[in-house]
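**Student:** Have a look at the structure that comes next, please.
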Amino acid sequence: MKIKLALAAASLSLAACNPSEPAKAPAADTPTATATVTATDAWCRPSPNGAKAGGCYVTLTAATDDRLTGGSTPRAASLQVHEMKTENGMMKMAELTAGLPLPAGQAVALAPGGNHLMLIGLTAPLVAEETVPLTFQFASAPAITVQAQVRQPAMEGMDHAAH
């Protein structure tokens, strides 16, 4: 409130110095669409002792068109966004240096065998049952931090219901 009053006073005093310009009130606060991204099911694979890299996965949904540009974690020197693709019959992994597109309203899954996160330069092994903080950076939305559980991937066709 004090800032708005100060701005109004500054506007009026500037207008008084230039009588050819009519005095204008400061613009009212107008709500704008906030770029947000939600993250669900964040997890990482356990890494073997001595491994310098680890894989993590998450599903991201952006409210408006955005791009995952990278991130960080205290558990590694860097967090990179990678893609898996087949070239000449061979699977290849490469960093998406321009980031990963997040179309508005569409869930984008980073999953084993496809786009995923790589933790490069692990500070310690990723151990099953622990959690790892991952901070994601976006082109438009504010950064978000999630707690990723370290676990083995679910086996295809397995039912995890208690018997």
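Laboratory data are not the source of any read-out in this text; all were calculated from the coordinates shown. Computed from a predicted model, the values in this text were never measured in an experiment. Please note: Cβ atoms are built from the backbone with ideal geometry, for glycine as well, and neighbour counts cover all protein chains shown.
**Student:** Per q in 0.13, 0.14, 0.17 Å⁻¹, report the Debye log10 I(q)/I(0) for the stretch 54-163, using one uniform scatterer on each alpha carbon and no solvent.
**Tutor:** Each listed q corresponds, in turn, to -0.54, -0.62, -0.89.
**Student:** Going by average Cβ density within 10 Å per residue, which order do the peptides 111-118, 136-143 take, highest to lowest?
**Tutor:** Numbers: 111-118: 15.5, 136-143: 17.4.
Highest to lowest by the protection proxy: 136-143, 111-118.
**Student:** Sorted by average packing, counted as other Cβ atoms within 10 angstrom per residue and highest first, what order do 41-49, 65-73, 122-130 take?
**Tutor:** Numbers: 41-49: 16.4, 65-73: 20.0, 122-130: 13.4.
Result, highest mean first: 65-73, 41-49, 122-130.
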